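The values are calculated or read from the model by the stated rules, or taken from the named source; none is laboratory data. Nothing here was measured: the structure is a model prediction, and the numbers come from that model. Positions of Cβ are backbone-derived with ideal geometry, glycine not excepted, and every protein chain shown enters the neighbour counts.
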Amino acid sequence: MNLLLLEIVGWFGYLQRIEVRVQVILLLLVFLGQGPLGRRLARRFPPAGRPKVMIPSLLGLLSLALGLGGQPYGLLLLGLLLYLGWLGLGGVRLLLGRFIQPQQMQLLETRLIRPAYLLVAVLLVIRVFDNPQDLALIPIGEWFGSEVTLGSFLLAVVILYVLAMGTGPPAQGMAWLVQRSVGISNGSRRALALMIRYAAVAFGIVWALDHVGFNRTAILAVAGGLSVGLGFGIKEVFSNFVSGLWLLFEGSVRPGEVLFIDGDPCEVRSLGLRAAVLWRDRDNAELVIPNQTFFTSTTVTYTGSDTLRRSQVLVSAAYHHDPEEVIALLEATARSQKRILPNPAPKGLLLRYGDSSIDYALRFWIANPMDNVSICSEVQAGIWRAFRDRDIEIPFPQQVQYRVEGPPKS
């Protein structure tokens with residue numbers, strides 16, 4: 001570690017050179033303040049004053065001026081190339097956006113593509129001051145009985161980060177190929193993609209430990225100590241992790257499933273290591289539920305074997321209307337709704353004789369459980385119009401008050 005600090009301190013010796021200081025100052029002026037020239041250019045020529053045009057132009061002009069004057073301009077040229085490469089990432093996003101969903105593309109760009117570019121940029125800057133291969137051989141300590149160098153440690157960290165953040169789209173692609181070949185459902189495809197991702201990360205951890213050169217015996221001893229800690233400090237976290245893996249293999253809770261949580265249908269968006277994220281349609285809220293909850297409480301699913309759901313609306317009619325006529329009208333109203341399935345056919349039922357009305361139920365089947373509330377609203381509005389056109393009365397409780405005279409006074 002001391003050798004690494006000495007190497008970093010040695011880099012500041014380059015700032016003693018006047019030509020290096022000039023280039024650093026010019027870079028700071030261009031990127032931070034863009035200089036008086038840049039502000040004047042922005043006022044007089046608004047399109048040319050934009051950073052995407054102005055910064056490369058200024059860097060190119062300054063590099064050309066230093067080159068014609070016989071002065072070094074390597075740092076300015078490197079800054080120009082790095083900035084153009086950063087702008088080029090926008091084209092990469094447009095290209096990959098044709099094949100990857102927008103949400104996944106956003107995660108891929110912010111967590112993998114741009115961090116990888118920044119890492120390459122840092123290595124190129126370091127190469128100006130030192131040899132990265134020599135830095136990689138610097139020892140940074142002895143861990144688990146093995147000496148670890150800076151290069152092996154950083155390589156292991158980068159590999160783990162890439163596997164953790166960048167295996168999503170490849171895993172989804174492999175799961176899609178399996179779905180096309182075997183014919184599994186969409187929920188099974190999402191679960192398979194998640195399991196492939198977990199397997200890749202686990203393999204990357206084992207490879208990273210072996211690449212760094214950790215002593216296997218020492219690792220087993222540490223793992224034994226951690227197993228004791230699992231029983232006391234982080235047993236809930238470990239329990240949720242195991243529960244999540246079991247749910248994936250069992251298939252009872254998968255991304256895309258619709259579960260009934262606290263009286264509302266919710267769609268499973270993702271199943272993570274610790275918790276599942278569910279989406280509730282009525283208020284566009286996301287519920288984060290620990291995986292262990294699905295093992296300790298009863299969960300109602302609407303997509304276990306299929307996505308069909310039977311729903312119903314309740315309505316009342318006055319006693320002077322023929323029940324057979326009311327039931328036929330209810331069933332006809334349901335059949336006229338576009339989002340109600342014709343098979344199984346809607347069914348009207350007479351439930352009971354109330355105090356002031358006859359109570360009916362209209363039961364019907366829908367294809368998407370998440371549409372239940374809106375479909376019920378459409379059906380009830382249709383029933384209102386049908387009852388109005390047929391002069392069918394929907395009664396409401398009424399109270400009649402009588403004035404009771406007391407006994408005659410003697």
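Quick notes on this structure:
- Qualifying residue in segment 369-376 (condition: farther than 24 Å from residue 263 by Cβ and not β-branched (Val, Ile, Thr)): no
- Test: residue 281 is under 17 Å from residue 373 (Cα atoms), acidic (Asp, Glu) and surrounded by fewer than 19 Cβ atoms within 10 Å (Cβ to Cβ): yes
- Filter result for residue 108 (under 18 Å from residue 55 (Cβ atoms) and either more than 25 Å from the chain's Cα centre (by Cα) or at pLDDT below 85 (or both)): no
- Candidate set from segment 141-155 (those that are at pLDDT below 80 and of a type in the set (A, V, I, L, M)); member that is surrounded by the most Cβ atoms within 10 Å (Cβ to Cβ): 150
- Looking across segment 122-140 at every residue that is among the charged types (D, E, K, R) and closer than 22 Å to residue 23 by Cβ, the one that is modelled with the highest pLDDT is identified as 127.
- Residue 323 under 38 Å from the mean Cα position of the chain (by Cα), over 16 Å from residue 259 (Cα atoms) and surrounded by fewer than 16 Cβ atoms within 10 Å (Cβ to Cβ): no
- Answer residue from segment 75-96, given it is small (Gly, Ala, Ser) and loosely packed, with under 15 Cβ neighbours inside 10 Å and is nearest to residue 158 (Cα to Cα) among those: 85
- Whichever residue in segment 386-405 is farther than 11 Å from residue 317 by Cα and touching a residue at least 24 places away in the same chain (Cβ under 8 Å) and, among such residues, is surrounded by the fewest Cβ atoms within 10 Å (Cβ to Cβ): 398
- Every listed requirement among (1) under 14 Å from residue 192 (Cα atoms); (2) over 19 Å from the mean Cα position of the chain (by Cα); (3) touching a residue at least 24 places away in the same chain (Cβ under 8 Å) is met by residue 282 save one, (1).
- From 117, 198, 161, residue being closer than 30 Å to residue 247 by Cβ, modelled with pLDDT of 80 or more and not assigned by TED's automatic domain parsing to the domain that holds residue 256: 161
- One residue alone among 280, 254, 274, 269 is of a type outside the set (A, V, I, L, M, F, W, C), at pLDDT 75 or above and touching a Cys at 6+ places or on another chain (Cβ under 9 Å), and that residue is 280.
- Checking each residue in segment 330-382 for being among the polar types (S, T, N, Q) and touching a residue at least 40 places away in the same chain (Cβ under 8 Å) picks out 333, 336, 337, 356, 357, 368, 372, 380.
- Qualifying residue in segment 333-347 (condition: in a strand (DSSP E or B) and either surrounded by fewer than 14 Cβ atoms within 10 Å (Cβ to Cβ) or not assigned by TED's automatic domain parsing to the domain that holds residue 267 (or both)): yes
- Residue match in segment 315-335 (condition: hydrophobic (A, V, I, L, M, F, W, C) and closer than 23 Å to residue 267 by Cα): no
- Sole exception among (1) surrounded by fewer than 18 Cβ atoms within 10 Å (Cβ to Cβ); (2) not in a helix (DSSP H, G or I) for residue 315, by number: (1)
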